[in-house]
Amino acid sequence: MTVGESFLSANMRSEEPVPLHEEFIYCCGAATHVLKCGPWKDLSKDESKNLPRLLFMIIPGNPGLAGYYRTFIQALYCGLNQQYPVWVVSHAGHCKPPSGMEMIEDTDIKELEDVFGLNGQVEHKLNFLKKNVSKDIKLVLIAHSIGCYITLEMMKRASELQVLRSVLLFPTIERMAQSPQGKLMTPLLCKLRYALYMPVFLLSFLPEGVKASLVRFALRGMKTCDESSITTSINLFSVDCIANILYMASQEMMKVVERDSTTIKQNLKKLIFYYGTGDSWCPQHYYDEIKMDFPDGDIRLCEKGLRHAFVLDASKEMAAMITDWLQDDLTKL
């Protein structure tokens, strides 16, 4: 039985809800939303006898809201026969903190300069791992969009991480401003983003039900839309969240220029790339070029027509594919 088949059989034989733990914490002084699938809530204690051998950690795209990946991590956890924890960590400052929690921790200690910027988000993930995950636990990093750039930077800066595999989905790791979507968005993100704050501020006063209706209207073109995406998108009516999301995006346009081929070459056997066929953030010729530069790499082109923002409508399908890709790695553990 393949891992993908076991995913289906696990769903058929059990209708119990997938254990999901939710936390809002401060990491590098910034509000951070963490979703954890499985009974493992604390992976930092070396003395624990029940620590798993492997953690699946999701590095999101932008907006880096953990809630968009709720269905994805649940499906992945089931596909792994509930044997390994699956966590997703939001980007710093992209989530709306619960009542009583501020976006920035009230402390005199400044943990990280520019935590909401692209470099800060890399250090934010490394800091999270350092404080929350035992160094003895192996990692499977599953990254989406700009999360792929962050993941390559993490592997470059912290070679001591025990990364078994990194799965890079729709990877925006080069020439973002030159991509079709980048050419459209760069002027808006780099010169006009402040103009967006006022309408978002006004919309923030709408009742939650009206906000949800607006989100449904915006996503009306999809045949099926993940319900968790709708509730998560309500965060986008927060000026603080939008400011941090757009600020990070503006840095992406300026800083994600040349592909880091050195880091890719050094870690090629650990990497799986998955490109889209109609992806306006990383067009197909980016795939053709990296495939030519790294003919021995595991570099795949989507044959299913999945959109760049797969979490909106194809989380379960993507999770099933990933469990199949990693089957050999997991049997060798």
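The values are calculated or read from the model by the stated rules, or taken from the named source; none is laboratory data. What you are looking at is a predicted structure, and each value in this text was computed from that prediction instead of being measured. Cβ atoms come from the backbone with ideal geometry, glycine included; neighbour counts cover every protein chain shown. Ligands, DNA and RNA are stripped out before the accessible areas are found, and what is left, the full protein with its side chains, is counted by its heavy atoms. Shrake-Rupley method; radii C 1.70, N 1.55, O 1.52, S 1.80 Å.
At R0 = 30 Å, how high is the FRET efficiency between L203 and D296 if r is their beta carbon distance? Nearest 0.05 is fine. Efficiency, from the Cβ-Cβ distance: 0.05. Note on the chain: GNM, Cα springs under 10 Å; of L55, L139, L196, the largest mean-square fluctuation is that of L196. Look at the dipole of the chain built from charges on Cβ: of L202, H285, I272, the Cα furthest out on the positive end belongs to H285.
Tell me, what is the FRET efficiency for Q83 and D324 to the nearest 0.05, using R0 = 22 angstrom and their Cβ-Cβ distance as r? Approximately 0.90, to the nearest 0.05. Scanning the chain for GluC sites (Glu not before Pro) that sit in a DSSP loop and have at most 11 other Cβ atoms within 10 Å, the longest stretch containing none of them is 161-257.
Taking 0.36 nm per residue of separation and subtracting the current Cα-Cα distance, fully stretching the chain between D106 and E160 would add 16.3 nm. Note on the stretch 59-181: along the principal axes its Cα atoms extend 43, 38, 31 Å, ordered by decreasing extent. Accessible surface of the chain, 1.4 Å probe: 53 percent of it comes from carbon and sulfur atoms. Highest GNM mean-square fluctuation among A75, A92, A177, for the chain modelled with Cα contacts below 10 Å: A177. Along its first, second and third principal axes, ordered by size, the stretch 162-211 spans 45, 28, 18 Å in Cα coordinates. The translational diffusion coefficient of the stretch 239-333, from Stokes-Einstein at 25 °C and 0.890 mPa s with a Kirkwood hydrodynamic radius over alpha carbon pairs, comes to 156 µm²/s. Summary value for the chain: 21 percent relative contact order, contacts being C-alpha pairs under 8 angstrom separated by 6+ residues.
For the stretch 59-125, the share of alpha carbon pairs falling in successive 5 Å distance bins from zero is 3, 15, 20, 20, 17, 12, 8, 4, 1 percent.
Applying D = kT/(6 pi eta Rh) to the chain, where Rh is the Kirkwood radius over alpha-carbon pairs, T corresponds to 25 °C and eta to 0.890 mPa s, the Stokes-Einstein value obtained is 120 µm²/s.
Pairs of alpha carbons in the stretch 188-232 separated by more than 12 Å make up 68% of all such pairs.
Dipole of the chain (Lys/Arg Cβ +1, Asp/Glu Cβ -1, origin at the Cα centre): which of P17, C225, L80 lies farthest to the positive side? Highest projection toward the positive end goes to C225.
Could you tell me how far the Cα centroid of the stretch 168-211 sits from the Cα centroid of the stretch 86-155, in Å? Comparing the Cα centres of the stretch 86-155 and the stretch 168-211, I get a distance of 21 Å. Taking 0.36 nm per residue of separation and subtracting the Cα-Cα distance, full extension of the segment from R220 to T331 would add 35.8 nm. The residues of the chain expose on average 48 square angstrom of accessible surface per residue, using a 1.4 Å probe on protein heavy atoms.
Both radii were evaluated on the Cα set of the stretch 212-284; the Rg over Rh quotient, with Rh as the Kirkwood radius, amounts to 1.08. Using the Cβ-Cβ distance between V257 and L192 with R0 = 30 Å, the FRET efficiency computed as 1/(1 + (r/R0)^6) comes to roughly 0.90. Both radii come from the Cα set of the stretch 161-287: Rg as radius of gyration, Rh as Kirkwood radius; their ratio Rg/Rh reads 1.03. Note on the stretch 260-303: Cα-Cα pairs beyond 15 Å make up 39% of the total pair count.
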